[in-house]
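Trainee: Have a look at this one before I ask anything.
Derivation of every value follows stated rules applied to the coordinates shown; laboratory data play no part. Predicted model, so just to flag it, every value in this text is computed and none were measured. Cβ coordinates were reconstructed from backbone atoms using ideal geometry, including for glycine residues, and neighbour counts include every protein chain displayed.
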Protein chains: 2
Amino acid sequence: MSEAVRDKLVFVAVDWGTSNLRVSLLDEDGAILAKRQSDRGMAQLSREEFEPALLDLIGSDLPANKVTPVMCCGMVGSRQGWAEARYVSVPCNAPSGELATRVQSKDARIATWILPGVQQVGPDDVMRGEETQIAGFLAQNPKFDGVVCLPGTHTKWVRVSAEEIVSFQTFMTGELFALLSKESVLRHSVETEDFDQSVFLNAVSDAMSRPQSIAAKLFGIRAAHLVSDQSLTHAKSSLSGYLVGLELAGSRPYWLGMDIALIGAPALCEIYQDGLKAQGCLAKSYSAEDMTLAGLKAAFEQVKETI
Amino acid sequence: MSEAVRDKLVFVAVDWGTSNLRVSLLDEDGAILAKRQSDRGMAQLSREEFEPALLDLIGSDLPANKVTPVMCCGMVGSRQGWAEARYVSVPCNAPSGELATRVQSKDARIATWILPGVQQVGPDDVMRGEETQIAGFLAQNPKFDGVVCLPGTHTKWVRVSAEEIVSFQTFMTGELFALLSKESVLRHSVETEDFDQSVFLNAVSDAMSRPQSIAAKLFGIRAAHLVSDQSLTHAKSSLSGYLVGLELAGSRPYWLGMDIALIGAPALCEIYQDGLKAQGCLAKSYSAEDMTLAGLKAAFEQVKETI
């Protein structure tokens, strides 16, 4: 297997986030020869551990007699990462390969780059990784004019026009959901994987009409469990709906009347799509994995002459 | 010391919450002979461990030849507590000693009661412990007509009129603050004990005017740390202000135009007092410890004939 990959390998695309490392090995047509992944995300690695963590996944795939380009995006470029990659300030194009930071790797078989993040000064905001998904999306949809929403731990709403990232705003929705469902007094009330869409949509609407009451609505989930024996499914769907509704209320200036593209994990995109549809907005969904790969490939095309 | 207490001990007042056990030993005039406390809160005890945890604190203080009454309030009366004490439904008086649940203790030197909690059906809500603080407050302020706010992990806003608890609403503000400052991506941005009141008040006002953006404001604390090198003090004061402001926006129907009494830890009451003052509302503060003790003493007076 490794030998078959080694003969055709031209480029390594790396999505290196806080918690995970995801690698795609590509041939000269950009087709995927193999995918590898591990849980050795940025958060658990010291600076010297990044190269070994990468080589653990791809070392046996690398041809010995040439230099294989490796293009990375994500938190690997943060101050706590492999090497600090700059932030480009909005308004800007989704950062191209020419702006990537070259990393000094010890293994002579690889030439490694990390793509920049994007920042906004006033209101301050940052992204690392999402800009590469946007680059991939724009490579496939160059005429897009509207808003790109990237739901996740820190959901981004991004205004895109004339191939530029114009402005953006990050909501801590996913992290709040994780903290509340795993660490808070609500954790025993929401212990289920089941989901009730109509409960979810009612909660979205409820939070959108009274966002100021969110901290009371959250405790209400616990209280309804104690007082009215509310089901775990009802509780979990409400929690999700309250937090997504709160975000939709806050991001309204972004999405109202705009073309909306969602880029994320399919299940999460579907939740946002449902919430937006209830507000009369149709959003199209795109896979985060596909868009990241498209963005890394576009960046590779921009630097491959320089290797 | 224990001997001096033992000779005069008439009543044991117990405030037993999720995280802590606080005991006051009182003489026949209701004066405090001694206070004891431990971190053996409800959350870490199985049913059989409650009596030993209490006796560890007061066993050597108990006279051998008589039965000493012990009155408890708080999460000790929850389903996971020593014994489940009922909930009384609003509208109701702050529960009196007659409604307390008698606990079967093994040690014959104590007669133990747990005071009820209070519940509200639709919108569902619950309290355990705060009702005893309210009872203590009303024992000292029987004519009070207005709203009692009890800031804490789960802050309660309680309408009180004609010595009755009319309705109430709980906000998860304190727990959100703890989760965000200790477990979230913000934790490194708010690692300080310092506090800037003007930053706090700006954040209160900001959250009150745009509560729907709270999840974005929260991430903004992290972004401002990265982009603008915002100080830890600024970040921590903002976090506090955003969450208190969100709560004040949601609880406005409670406090607007009302007499307000705050019952809580003095430092926390001061924060709420400042936030309310900026909205033109003057609130008086009372110590939670004092009000709890007053409520437990009042309940003891109601049952002591029955021992």
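Trainee: Could you work out how far helix A:173-183 tilts from the main Cα principal axis of chain A, as a 0 to 90 degree angle to the nearest 10?
Mentor: Approximately 70 degrees, to the nearest 10.
Trainee: About the Cα centre of segment B:171-288, what is the dipole size in debye to 20, counting +1 per Lys and Arg Cβ and -1 per Asp and Glu Cβ, all else neutral?
Mentor: That gives segment B:171-288 a dipole magnitude of about 280 debye.
Trainee: Measure nothing but the geometry: give the 0 to 90° angle between the long axis through the Cα atoms of A:197-209 and the longest principal axis through the Cα atoms of chain A, rounded to 10°.
Mentor: Approximately 80 degrees, to the nearest 10.
Trainee: Still on this structure, I have one more. Distance in nm between label sites at B:D29 and B:E164, each 7 Å beyond Cα in the beta-carbon direction?
Mentor: Placing both labels 7 Å along Cα→Cβ, they lie 3.8 nm apart.
Trainee: Rounding to the nearest 20 debye, state how big the charge dipole of segment A:110-204 is about its Cα centre with +1 on each Lys and Arg Cβ and -1 on each Asp and Glu Cβ.
Mentor: The calculation lands at about 140 debye.
Trainee: Also: Rg and Dmax in Å for chain A, alpha carbons only: what are they?
Mentor: Cα-based Rg and Dmax for chain A come out at 21.0, 70 Å.
Trainee: So between A:T192 and A:S89, what do we pick up on full extension, going 0.36 nm a residue minus the alpha carbon distance?
Mentor: Length difference between fully extended and current span is 32.9 nm.
Trainee: Mind giving me the FRET efficiency for A:E49 and A:E301? R0 is 35 Å, r the Cβ-Cβ distance, nearest 0.05 is fine.
Mentor: That pair, A:E49 with A:E301, gives E of 0.75.
Trainee: Let me ask something else about it. At 7 Å along Cα-to-Cβ for each site, give me the label-to-label distance between A:S60 and A:K182 in nm.
Mentor: 3.1
Trainee: Sort segment B:5-99 into rounded, prolate or oblate with this rule: let a ≥ b ≥ c be the square roots of the eigenvalues of the Cα gyration tensor; rounded if a/c is under 1.5, and if a/c is not under 1.5, prolate when a/b is larger than b/c, oblate otherwise.
Mentor: oblate
Trainee: Compute the angle between helix A:266-278 and the longest alpha-carbon principal axis of chain A, please, reported from 0 to 90 degrees and rounded to the nearest 10.
Mentor: Tilt relative to chain A: about 40 degrees.
Trainee: Set the Förster distance to 22 Å, then compute FRET efficiency between B:L232 and A:R79 from the Cβ-Cβ distance, nearest 0.05.
Mentor: Step by step, r from the Cβ atoms, then E = 0.85.
Trainee: Ok, one more. Using a cut-off of 13 Å between alpha-carbon atoms, which aspartates and glutamates can reach B:K277, once sequence neighbours fewer than 8 places away in the same chain are excluded?
Mentor: B:K277 reaches B:D259.
Trainee: Compute the relative contact order of chain B as a whole-number percentage, counting only Cα pairs closer than 8 Å that sit 6 or more residues apart in sequence.
Mentor: Answer for chain B is 17 percent.
Trainee: What does the structure give for B:245-256 when I average, per residue, the other chain Cβ atoms found within 10 Å of the residue Cβ?
Mentor: Averaged over the peptide's residues, the number is 3.
Trainee: While we're on this one: Would you list, by chain and number, the aspartates and glutamates whose Cα falls below 19 Å from the Cα of B:K182, excluding same-chain residues fewer than 8 positions away?
Mentor: A:E175, A:E183, B:E191, B:E193, B:D194
Trainee: Shifting gears a bit: Which residue, chosen from A:H234, B:G122, B:L62, occupies the Cα position most advanced towards the positive end of the dipole of the protein assembly as shown, where the dipole is computed from +1 (Lys, Arg) and -1 (Asp, Glu) charges on Cβ about the Cα centre?
Mentor: Working it through, the farthest residue towards the positive pole turns out to be B:G122.
Trainee: Provide a whole-number value for the mean count of partner chain Cβ atoms within 10 Å of the Cβ atoms in peptide A:169-181.
Mentor: Taking the mean over all residues of the peptide, I get 5.
Trainee: Moving on. Write down the radius of gyration of the protein assembly as shown and its Dmax, each obtained from C-alpha positions, in Å.
Mentor: Calculated on Cα positions, Rg and Dmax stand at 29.0, 95 Å.
Trainee: Could you compute the FRET efficiency for B:Q104 and A:K277, with r as their C-beta to C-beta distance and R0 at 60 Å, rounded to 0.05?
Mentor: The calculated FRET efficiency here is 0.60.
Trainee: Below 8 Å, C-alpha to C-alpha, sequence gap of six or more: please give me the relative contact order for segment A:1-140 in percent.
Mentor: 21
Trainee: Give the lysines whose C-alpha is closer than 20 Å to that of B:K8, dropping any in the same chain fewer than 8 places away, or say none.
Mentor: B:K8 reaches B:K35, B:K66, B:K297, B:K304.
Trainee: Calculate how large, on average over all directions, the projected area of the Cα convex hull of segment A:94-243 is; give the answer in nm² to one decimal.
Mentor: 13.0
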